[in-house]
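Pasting a structure below so you can have a look.
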Amino acid sequence: MAVLVFSGKGGTGKTTLAALTVRYFYEKGKVSLTLDMDPDAHLFKLLEVPLEQTVGNIVDRVHKEKNFELEPRKPVDVSDAEYFYSLVMRDVLIESEGFDLITLGKPSSEIDCYCPVFYWADLAISKILRSYKMPYDHIVVDCDPGTEIFPRRILDTIAEKVGIDYVFIIIDGSRMSLDTAIEIRKEIKKKEGLRFGEVLGLCNRIDDPKMQAIIKEFAASEYGINIAGFVRSDIGIIEGALKGEGILKKTGLRAFEDLKKILQSLGL
Ligand SMILES: Nc1ncnc2c1ncn2[C@@H]1O[C@H](COP(=O)(O)OP(=O)(O)OP(=O)(O)O)[C@@H](O)[C@H]1O
Ligand SMILES: [Mg+2]
């Protein structure tokens, strides 16, 4: 099993590359558990599945109906944890061909904080990962922009239970995206004893080989970031995004060919 996390500065291509990775595994006959950890959820659109409920919605529901604490200070009762988990499995988990998707989303504006969503999602995901018949070949995680997710427990749980193999930080060639990469790496360095795997840069939408060479050199020498490869800008992706289309069946995507090569070079 491989566990891949897509992180980085806002708008660099995390969700696009995460969706294409799910497609890559699917075309190899593998099933991915796909986690959309961005409160501003978009992954479902690229994976062409309808989103009805998120973990955030369930947190709202159990808080209102069952009076569940938003962020319990004591361990949650087994029956409450079971109930929450059953709602996530029934209403949030979307099963599709080649992948299942769980979207964290956000709670209602009354709650005004993402912490409860991460808290309860952690509980549910932990239970999925503990299950002895976990049916997934791989796990693909699409993060929110920046570093917000890293101090929370949810990635630690995944690292603890199954181990993260790669944290990809998507770079768009800007200094800001490299700065974010450094911040992410700092957060990961704090996770002593947890398996966060290899932290690699993936450069997206820089097509000129000369520019690629400059960025690769600069990322390595000034930031100590190793760039695993380059995914070229792709007119098919731009058009599809404008039309609100998915990315699973589109043919002739050179970005997909580039990403495939990178994933293959890592033995995935
Ligand atoms: N290789 C590419 N070629 C062309 N367009 C791309 C490519 N990668 C991403 N895009 C486009 O760039 C925009 C941002 O991509 P995406 O939503 O994947 O970024 P993100 O990092 O997930 O953003 P956010 O931080 O908002 O979650 C989208 O419109 C997407 O279609
Ligand atoms: Mg995104």
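Which pairs turn up if I take residues in the stretch 133-144 that are more than 16 Å from ligand 2 (Cβ to nearest atom) and look for partners that are of a type in the set (Gly, Ala, Ser) and not in a loop (DSSP other than H, G, I, E, B) with beta carbon separation below 7 Å, at least 6 apart in sequence or on another chain?
Close Cβ pairs (under 7 Å, with a partner that is of a type in the set (Gly, Ala, Ser) and not in a loop (DSSP other than H, G, I, E, B)) amount to Tyr136/Ser32; Asp137/Ser32; His138/Ala2; His138/Ser32; Ile139/Ser32.
OK, next. Please go through the stretch 153-173 and give me each residue that is under 21 Å from Pro135 (Cβ atoms) and not in a helix (DSSP H, G or I), ordered by number.
Val162, Gly163, Ile164, Asp165
Which strands (runs of 3 or more DSSP E) does the stretch 18-116 wholly contain that include 2 or more residues that are buried (at least 19 other Cβ atoms within 10 Å of the Cβ)?
Hits in the stretch 18-116: 32-36, 99-103.
Mind listing whichever residues of the stretch 175-192 are open to solvent by 40 Å² or more (accessible area, probe 1.4 Å) and under 12 Å from Phe150 (Cα atoms)?
Of everything in the stretch 175-192, those that are open to solvent by 40 Å² or more (accessible area, probe 1.4 Å) and under 12 Å from Phe150 (Cα atoms) turn out to be Glu183, Arg185, Lys186, Lys189, Lys190.
Here are the criteria: (1) out of contact with any strand residue (DSSP E or B) (no Cβ under 8 Å at 6 or more places or on another chain); (2) touching a residue at least 24 places away in the same chain (Cβ under 8 Å); (3) away from ligand 1 (no atom under 16 Å from the Cβ). Tell me which single one Lys28 does not satisfy.
The one condition Lys28 does not meet is (2).
Here is a list of conditions, (1) assigned to a loop (DSSP other than H, G, I, E, B); (2) within 16 Å of ligand 2 (Cβ to nearest atom), and Ser177 meets all of them except one; can you say which number that is?
Every listed condition holds for Ser177 apart from (1).
Need pairs with beta-carbon distance below 7 Å; first residue in contact (Cβ under 8 Å) with a residue 24 or more places away in the chain and aliphatic (A, V, I, L, M) and within the stretch 219-243, second open to solvent by 10 Å² or more (accessible area, probe 1.4 Å) and within 16 Å of ligand 2 (Cβ to nearest atom); sequence gap 6+ or separate chains.
Val231/Asn204; Ile237/Thr16
Quick check: anything in the stretch 204-227 under 26 Å from His42 (Cβ atoms), in contact with a Cys (Cβ under 8 Å, 6 or more places away or on another chain) and not in a helix (DSSP H, G or I)?
Within the stretch 204-227, one or more residues are under 26 Å from His42 (Cβ atoms), in contact with a Cys (Cβ under 8 Å, 6 or more places away or on another chain) and not in a helix (DSSP H, G or I).
Inside the stretch 210-249, can you point out the residues that are farther than 17 Å from Ser177 by Cα, within 16 Å of ligand 1 (Cβ to nearest atom) and open to solvent by 50 Å² or more (accessible area, probe 1.4 Å)? Talk me through it step by step, then tell me what you get.
Let us first name the residues in the stretch 210-249 that are farther than 17 Å from Ser177 by Cα, namely 210, 234-249.
Pick out the ones that are also within 16 Å of ligand 1 (Cβ to nearest atom) and you get 234-249.
Answer for the stretch 210-249, where residues must be farther than 17 Å from Ser177 by Cα, within 16 Å of ligand 1 (Cβ to nearest atom) and open to solvent by 50 Å² or more (accessible area, probe 1.4 Å): Ile235, Ile238, Glu239, Ala241, Leu242, Lys243, Gly244, Glu245, Lys249.
While we're on this one: Can you pull out the residues in the stretch 1-52 that are away from ligand 2 (no atom under 15 Å from the Cβ) and of a type in the set (Lys, Arg)?
Within the stretch 1-52, Arg23, Lys28, Lys30 meet the criteria.
The values are calculated or read from the model by the stated rules, or taken from the named source; none is laboratory data. These figures come from a predicted structure and were not determined experimentally. Don't worry about glycine lacking a Cβ; one is built from the backbone with ideal geometry, like all the others, and counts go over all protein chains shown. For the accessible areas, the whole protein counts, side chains as well, though only heavy atoms, and no ligand, DNA or RNA atoms are used. Shrake-Rupley method; radii C 1.70, N 1.55, O 1.52, S 1.80 Å.
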